[in-house]
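Working notes, structure below.
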Amino acid sequence: VSRSFRRRGIGEKLVKEAERIALREWGYDDCFLYVEKRNPAAVKLYKKLGYRTVWVDDTATTLLPTTNGNLKSSQTTLLCMRKR
């Protein structure tokens with residue numbers, strides 16, 4: 001969710017709708033997601049919604065934008081979270 005629209009419940013509504021589709025329409029039993037550990041607001045939201053960390057990848061990389069508009073590879077820690 002764009003920074004200017006955060007703290008309005010939009011992320012929570014998006015996650016709940018994705019869960020509804022996965023569970024009711026597609027018939028899945030669990031929902032999984034990946035989140036970067038350096039995004040504590042997202043981790044907090046997912047925990048609030050019942051997600052629990054099932055594994056951590058300390059060797060992951062991500063792409064970050066530079067000031068000149070390019071992308072650079074950066075080390076990150078990925079959390080895989082699950083909700084039953």
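The values are calculated or read from the model by the stated rules, or taken from the named source; none is laboratory data. Predicted model, so just to flag it, every value in this text is computed and none were measured. As a convention, Cβ positions derive from the backbone with ideal geometry for all residues, glycine included, and neighbour counts pool all protein chains shown. When the accessible area is computed, the model is the full protein with side chains, heavy atoms only, and any ligands, DNA or RNA have been set aside. Shrake-Rupley method; radii C 1.70, N 1.55, O 1.52, S 1.80 Å.
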In whole Hz, the Karplus estimates of ³J(HN,Hα) for the stretch 75-83 (6.51, -1.76, 1.60; θ = phi - 60°; x where Gly or Pro) are 5, 8, 10, 9, 9, 9, 10, 10, 10
Between residue 3 and residue 17, how many nm apart are label points set 7 Å from Cα along the C-beta direction? 2.5
Given a 10 angstrom Cα cut-off, can you work out which residue in 14, 49, 63 is the most mobile in a GNM of the chain? 63
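So for the chain, averaging the separation of alpha carbon pairs under 8 Å that are six or more residues apart and normalising by length, what relative contact order in percent results? Mind dumping the intermediate values first?
On the way: 101 pairs, mean separation 26.6, N = 84.
Contact order relative to length: 32 percent.
With every protein chain present, what is the per residue accessible area of the chain (1.4 Å probe, Å²)? All intermediate terms of the calculation are to be shown ahead of the outcome.
Working: 6610 Å² over 84 residues.
Averaged over the residues of the chain, the accessible area is 79 Å².
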Percent accessible area from carbon and sulfur atoms, the chain, protein chains only, probe 1.4 Å: 52
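Assuming 0.36 nm per residue, please report the length gained on full extension of the stretch residue 78 to residue 29 beyond their Cα-Cα distance. Show your work: numbers first, answer last.
Working: separation 49, 0.36 × 49 = 17.64 nm, distance 2.27 nm.
Result: 15.4 nm gained on full extension.
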Compute the acute angle (0 to 90°) between the alpha-carbon long axis of helix 10-20 and the principal axis of greatest extent of the alpha-carbon atoms of the chain; round to the nearest 10°. 50
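For the stretch 1-49, just say rounded, prolate or oblate: build the C-alpha gyration tensor, square-root its eigenvalues into a ≥ b ≥ c, call rounded for a/c under 1.5, and beyond that prolate if a/b exceeds b/c, oblate if not.
Values: a/c = 2.71, a/b = 1.59, b/c = 1.70.
It comes out oblate by the Cα gyration axes.
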